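Here's the structure, in structure tokens; my notes come after.
Values quoted throughout were computed directly from the atomic coordinates according to the rules given, and no laboratory measurement underlies them. These numbers come from a predicted model, not from an experiment.
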Amino acid sequence: MMPQTTPTRRVCRDCDGFPVVHIIFGTSPDGYRRTLPVVCPGCQGTGIRSTSPVSPAEVSV
Ligand SMILES: [Zn+2]
């Protein structure tokens, strides 16, 4: 019984929780800002760093 109930949120350290960043790369002649959505390659746009799935029964020394 462990009293630790700390929710471990594995926020992606590459984007710090902002997986999709819109990069403004110019302004169209109409006045619209051209934005390019860039998905964080570290978390694939999820914002959470998904580490390799570790099975609890992986310990086999
Ligand atoms: Zn990320």
>> I need the phi-derived Karplus couplings for the stretch 30-40: 6.51 cos²θ - 1.76 cosθ + 1.60, θ = phi - 60°, integer Hz, Gly and Pro marked x.
In response: 7, x, 7, 7, 7, 10, 10, x, 10, 8, 4
> Taking H as built 1.01 Å from N, whose amide H comes closer than 5 Å to the amide H of I48, not counting residues under 5 places away?
Replying inline: C12
